[in-house]
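What follows is a short report on a single structure.
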Amino acid sequence: MAMIKKTVEKAIVHQIKNEEHSTRLYLAMASWCQVKGYPGAAAFLYKQTDEERMHMLKFVHYLNDRGGHSLLLALDDPTAEYKSLTDLFEKVLKHEEFITAEINKLYEVALNEKDYTTGSFLQWFITEQIEEESTVHGILDKMKLAGKDSGGLFLIDKELSALAAAKGAATAAPAGE
Ligand code: OFO
């Protein structure tokens, strides 16, 4: 297989940075939820931070396997202050939409370079983004229905804890990667 082109390599290194930022952002968010008394949301985001690290590693291994070099770039501080749990999840959604746009840009770079191997590697991420965005949309819809009702938020937090447990089961399964 031909060695990866420099343009594609550079774009992947940039995406490694995005994924590493995602992992730190969700860790900061998990920590906020834990401190503010939302254990279910915290569990969900602690799972999410692990998943993002797995995304980062997928890119690191792929680029190195293709003869490139996965470098780590400097990262911005992750935001750690939120007005409410809904505000936090709105930021999760915004971030996932940003990541989807970044994956699409990377896909375009690969196709412009006729790097179809990278194109097919990216399919997994394209599907993953659809799932992640729809999960967060679902969480936000419920939060908006609950409004400022603390009983409603309590139930949503419980649901998030169940969602985190389900994620754990999926991550543990061999095909769940
Ligand atoms: Fe959230 O999927 Fe990676 O960043």
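Read-outs throughout are calculated quantities, based only on the coordinates presented, and are distinct from any laboratory measurement. What you are looking at is a predicted structure, and each value in this text was computed from that prediction instead of being measured. No Cβ is skipped: glycine too gets one built from the backbone with ideal geometry, and neighbour counts run over all protein chains shown.
Structural remarks
- Helix content alone sets the calculated 222 nm mean residue ellipticity of the chain: runs of n ≥ 4 DSSP H residues at -39500 (n - 2.57) each, divided across all residues, give -28500 deg cm²/dmol.
- Distance (nanometres) between label positions extended 7 Å along Cα→Cβ at His14 and Glu133: 1.9
- The radius of gyration of the Cα set in the stretch 13-167, together with its Dmax, comes out at 16.7, 54 angstrom.
- Charged-residue dipole, Cβ positions (Lys, Arg, Asp, Glu), the stretch 96-177 about Cα centre, Debye nearest 20: 300
- When the chain is treated as a Gaussian network with alpha carbon springs shorter than 10 Å, the biggest mean-square fluctuation among Ser161, Ser150, Ser70 belongs to Ser150.
- Shown for the chain are no DSSP H helices, since none reaches 30 Å along its axis, judged by Cα atoms, with a mean Kyte-Doolittle hydropathy of at least 1.0.
- In the stretch 50-140, trypsin sites (Lys or Arg not before Pro) in a DSSP loop with at most 15 other beta-carbon atoms within 10 Å: Lys83, Lys114
- Spacing of the two label points (7 Å from each Cα toward its C-beta) at Thr79 and Tyr116, in nm: 4.2
- The simple Förster model, with R0 at 22 Å and r as the Cβ-Cβ distance, assigns Asp141 and Gln34 a FRET efficiency of 0.40.
- When each of Lys5/Lys167; Lys36/Lys148; Lys83/Lys144 is checked by Cα-Cα distance, pairs over 24 Å: Lys5/Lys167
- Shape call, the stretch 69-150: gyration tensor on alpha carbons, a/c limit 1.5: oblate
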